[in-house]
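Comments concern the structure below.
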Amino acid sequence: MEKQDLWVLDGGMGRELARRGAPFRQPEWSALALMEAPETVREVHRAFAASGARVITTNSYALVPFHIGDARFAADGERLAALAGQLAREVADEQKRAVKVAGSLPPLFGSYRADLYQADRVSELATPLVRALSPHVDLWLAETMSLIAEPLALKALLPEDGKPFWVSFTLEDEAPGSEPRLRSGERVADAVTALASAGVDAILFNCCQPEVIEGALKVASAGLQALGRSGIRLGAYANAFPPQPKEATANDGLDEIRGDLGPLDYLGWAERWRAAGASLIGGCCGIGPEHIEALANRLR
């Protein structure tokens, strides 16, 4: 595939909030700071923008019942999502260079938990988030998707606003060299075919080991070439967690951060992703502004 201009994305919101002393715990995760310390959310957006991120993502990832509970979601989910959109928009607009806002549409039933997916509740949970974020975002990002069906269902709920729709899948943390699969067990090749047919604008891989992403990008690139869809961007933003077992959930506790993924280590992986066809590169959990600065300085 022909190389496209690189866009540097931001890094992980939750761990950066915790590092800055914002209220942070499970199960609320990054939503807690939005409720109790929204100024810190603004500070993190500013830090990533200052580090060179061309895209910052709304802090709406944890605004689902899985994290904040059904009652709080029903009472306050839409207001909190609107606040998340507003904070990101304000930071993007104050930059001297163009910074876009991605509206985070999270896994509605729990990170890594394809088994908990409920097709009949997607509209109920996603519609308030979409409605609240819509005035503030430049593009839609369905991220950490564990199965093919969920982003397809989300796409059907988006307004006809002409804004790009990006989908980012999380991968099984298997040994490099094995066929890349989503955490549902579905093949990356099948996910790429389905998403390309649905007309998405970008396919990314996130919230998994950096070691497994290169193989997925190569499969995706080959699949898009075969389909004649070279205009669909590819991207990657790994986490800094140790490998996650198949039975892992993102709500059991706080995972350790690997010691071998400093900014220059992470840059090494990003350079491999770039060579494999990625033109959207950032970071997920545990990847901070210093990592993004290294990416922006070297890759742009």
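Bear in mind these aren't lab numbers, they're just calculated from the coordinates by the rules spelled out. Just so it is clear, the model here is predicted, and its values are computed rather than measured. Here the Cβ is made from the backbone with ideal geometry for all residues, glycine too, and neighbour counts use every protein chain on show.
Amide H contacts under 5 Å for Thr57: Asp10, Ala102, restricted to partners 5 or more places along the chain or on a different chain, H placed in the peptide plane at 1.01 Å from N. Phi angles of the range 92-102 translate, via the Karplus equation with coefficients 6.51, -1.76, 1.60 and θ = phi - 60°, into HN-Hα couplings of 4, 6, 8, 6, 7, 10, 5, 10, 9, 10, 9 Hz per residue; Gly and Pro are given as x. Among residues other than Gly21 with Cβ under 14 Å from its Cβ, the summed charge is 0 (Lys and Arg +1, Asp and Glu -1).
Taking amide hydrogens as placed 1.01 Å from N in the peptide plane, the amide H of Leu139 sits under 5 Å from those of Val101, Gly103, each at least 5 positions away in sequence or on another chain. When you restrict to C-alpha pairs under 8 Å that are six or more residues apart and normalise by the size of the chain, the relative contact order lands at 22 percent. Positive end of the dipole of the chain (Cβ unit charges, origin at the Cα centre): among Pro27, Pro151, Leu267, the Cα lying farthest that way belongs to Leu267. For the range 111-154, the spherically averaged projection of the C-alpha convex hull amounts to 3.2 nm². Summing +1 for each Lys or Arg and -1 for each Asp or Glu among the other residues whose beta-carbon sits under 9 angstrom from that of Leu171 gives -1. Ignoring aspartates and glutamates fewer than eight residues from Lys218 along the same chain, the ones with Cα atoms less than 12 angstrom from its Cα are Glu179.
Taken one residue at a time, the phi angles of the range 268-276 give Karplus couplings (6.51, -1.76, 1.60, θ = phi - 60°) of x, 5, 4, 5, 5, 5, 4, 5, 8 Hz. Gly and Pro are set to x. In the range 1-152, Cα pairs under 8 Å separated by at least six residues give a relative contact order of 22 percent. Between the labelled values (i) 22.5, 69; (ii) 17.2, 49; (iii) 19.0, 58, the entry that holds Rg and Dmax of the Cα atoms in Å as derived from this structure is (ii).
For the chain, the antiparallel share of DSSP beta bridges with both residues in that region comes to about 5%.
If you put +1 on each Lys and Arg Cβ and -1 on each Asp and Glu Cβ, how big is the dipole of the range 7-299 around its Cα centre, in Debye rounded to 20?
680
Its Cα centre serving as origin, the range 1-133 has a Cβ charge dipole (Lys and Arg +1, Asp and Glu -1) of approximately 360 debye.
Taking amide hydrogens as placed 1.01 Å from N in the peptide plane, the amide H of Asn206 sits under 5 Å from those of Thr144, Phe169, Thr170, Leu171, Tyr237, each at least 5 positions away in sequence or on another chain.
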